[in-house]
Structure formats: C-alpha cells, structure tokens
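Beneath this line is the structure, given in structure tokens, with notes to follow.
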Amino acid sequence: MRRLLERSSRLQHLLLAVGAVWLIVTSPWVGMRRIVPDNPTLWDLTHIAIGLVVGLVAVAYFVTQSLGGRWREHWPWWVGRIRPAGRDLAGLFRGRIPPSGGDGLFPVIQGLALLLLIAAAATGLGWLFADGSRAALEWREWHILTANAFGWCLLAHALAGAAHVLEFLGD
C-alpha cells in the first residue's frame, strides 16, 4: 500500500490541484444554503461530487506526504521546529527565494494548504450531513472560512512554485 501511495503522489497532487481550482472557481454558482435544493443545479451537484473526491484524495495525499518521516518537512511545528521557516520568511523580505525542500517556508506552506483543504472538505461534509438542520448554516460558515483560507494558501503555494520555476530558468 505504501508503494502504491508513493507512486501515485504526482497523480494525487494533480487531482487535488485541478479539483481544488474547479471548486474555488465555480463556488459562486453554488446555490445551496441550509439545504440541498429539491432541484439542485449542475453546479450544486458537481460541487458536492468533486468536493467528496477531493476530500478523499486529500486524505490519501496527507498519508502519502507523511510516509517515511516526510511529515517533518510539511509540519515541522508538530515537533517545535519553526526556525527554518522563520529564517526563510526573513530571507524572503530581503529578496532571497527560499529553497523548495527541507523544513523551510515553502514546504510548510504546502503542508498548511493540505491541512486547510482537508478542513474545508470536512466542514463541507459536515454541512452536507447537517442538511436542513439549524446547524447547516454554521457548517456552511465554517466551510466558507476554511475554503477561503485554503484558497489564499493555495495562491501562496502557486507563487512559491512559480518562484522556483523562474529561479530554475534563471540559472
């Protein structure tokens, strides 16, 4: 199972990227509030279906990224290591692009984005299960909050990737 997860890491990342961007870009057309409508639109149905798939893939990707001690790169704060990311952040303000590996700023951004994506999926699932109840609106608010936080983190992740491509092309 471990070997399968490791080999599918790039596919998982691609599915998450495409799925997450789809969910963010099409979210303004989702018409659900407290309840899934009796006649849901295509946007409502695809948001639910793609959201469920993205949530499952995100959990699998979390496991994949945690294998072999790699969790220390993405979530170093779990063991109290925040200095490398802090150094990278300070260097960024001085115009230095941080390295892409290790337990620095860019892997931490990727790890945070993954946690926020899982949180958005979990709150979306809570919203779906609470369908029609008073709690549905609270789940919806949490879902919107975590999805927005994920979106900003995804933007930071994309900018970090673009910075590395530009740095690579410049060498």
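Annotations
- Angle in degrees between helix 105-129 and the longest Cα principal axis of the chain, rounded to the nearest 10: 10
- Straightening the chain between residue 83 and residue 163 buys 26.7 nm, computed as 0.36 nm per residue apart minus the Cα-Cα spacing.
- C-alpha long axis of helix 9-26 to longest principal axis of the chain, angle in °: 50
- Theoretical FRET efficiency, 1/(1+(r/R0)^6), r = Cβ-Cβ of residue 152 and residue 53, R0 22 Å, to 0.05: 0.45
- Equivalent ellipsoid semi-axes - Cα gyration tensor, the chain, angstrom: 32, 17, 16
- Eigenvalues of the alpha-carbon gyration tensor of segment 50-150, scaled by 5 and square-rooted, set the equivalent ellipsoid semi-axes at 31, 16, 10 angstrom, largest first.
- Crossing angle, helix 42-66 versus the chain [Cα axis fit, 0-90 degrees, rounded to tens]: 40
- Fewest-first ordering of 54, 30 by other beta carbons within 10 Å of each residue's beta carbon gives 30, 54.
- Computed label-point distance, nm, for sites residue 26 and residue 9 using a 7 Å Cα→Cβ extension: 3.0
- Residue 145 paired with residue 71, simple spin-label distance in nm, labels 7 Å along Cα-to-beta-carbon: 2.5
Readers should treat all values here as calculations from the given coordinates under stated rules, not as data from a laboratory. In this text, all values refer to a predicted model and were calculated from it rather than measured experimentally. Virtual Cβ from ideal backbone geometry, glycine too; neighbours counted across all protein chains shown.
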